[in-house]
Amino acid sequence: MVLLIFLLSLIVLQKKTKKGSIKRHGKLTTGGYVLAVLSVLFMLYSAYNVAIAGRALSVIYIHGLFGAISLIFGFIFVINRWKWKTRKNMRILLALWVLTFSGGVLIYLTFIGKL
């Protein structure tokens, strides 16, 4: 869901009429960030249970590291630190989000036995 919101915010940003599209982009990405932070609480609980069960993969820790970096970097944008809001930094953050999301899908598929 969060990834879809981020993709929607990119579509809004690419509209021909730039009037207001940056504000809508900012609101959508802030909403996506809030949902991501809320989902982390559930994810941490699940990861804790997996670690206790002894099934923790090293990829979970790598996924968690990339996720934490993404959340911290995203927080900088959400609190409107304008000097950080460059296309280069936003593209780096997008790459981190996609990497974290892909890692989560990989972990999920591994645990349900599809990989």
### Task
Search the stretch 51-100 for residues being assigned to a loop (DSSP other than H, G, I, E, B) and of a type in the set (A, V, I, L, M), and hand back the single one that is modelled with the highest pLDDT.
Ile79
### Query
When both residues are 6+ apart or on different chains and their Cβ atoms are under 7 Å apart, which pairs have a first residue that lies in the stretch 35-52 and is closer than 19 Å to Leu3 by Cβ, and a second that is of a type outside the set (Gly, Ala, Ser) and surrounded by fewer than 14 Cβ atoms within 10 Å (Cβ to Cβ)?
Leu35/Met1
### Query
Of all residues in the stretch 69-80, how many are in contact with a helix residue (DSSP H, G or I) (Cβ under 9 Å, 6 or more places away or on another chain), exposed (fewer than 13 other Cβ atoms within 10 Å of the Cβ) and without any contact (Cβ under 8 Å) to a residue 24 or more places away in the chain?
1
## Note on the structure
Filtering the stretch 35-68 down to residues that are surrounded by 12 or more Cβ atoms within 10 Å (Cβ to Cβ) and either under 22 Å from Val12 (Cβ atoms) or under 13 Å from the mean Cα position of the chain (by Cα) (or both) yields Leu35, Ala36, Val37, Ser39, Val40, Met43, His63, Gly64, Leu65, Phe66, Gly67, Ala68
## Note on the structure
Within the stretch 1-34, residues being under 17 Å from the mean Cα position of the chain (by Cα), loosely packed, with under 11 Cβ neighbours inside 10 Å and either in a helix (DSSP H, G or I) or in contact (Cβ under 8 Å) with a residue 40 or more places away in the chain (or both) number 1
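The values are calculated or read from the model by the stated rules, or taken from the named source; none is laboratory data. Computed from a predicted model, the values in this text were never measured in an experiment. So basically every Cβ, Gly included, is an ideal-geometry build from the backbone, and we count neighbours across all protein chains shown.
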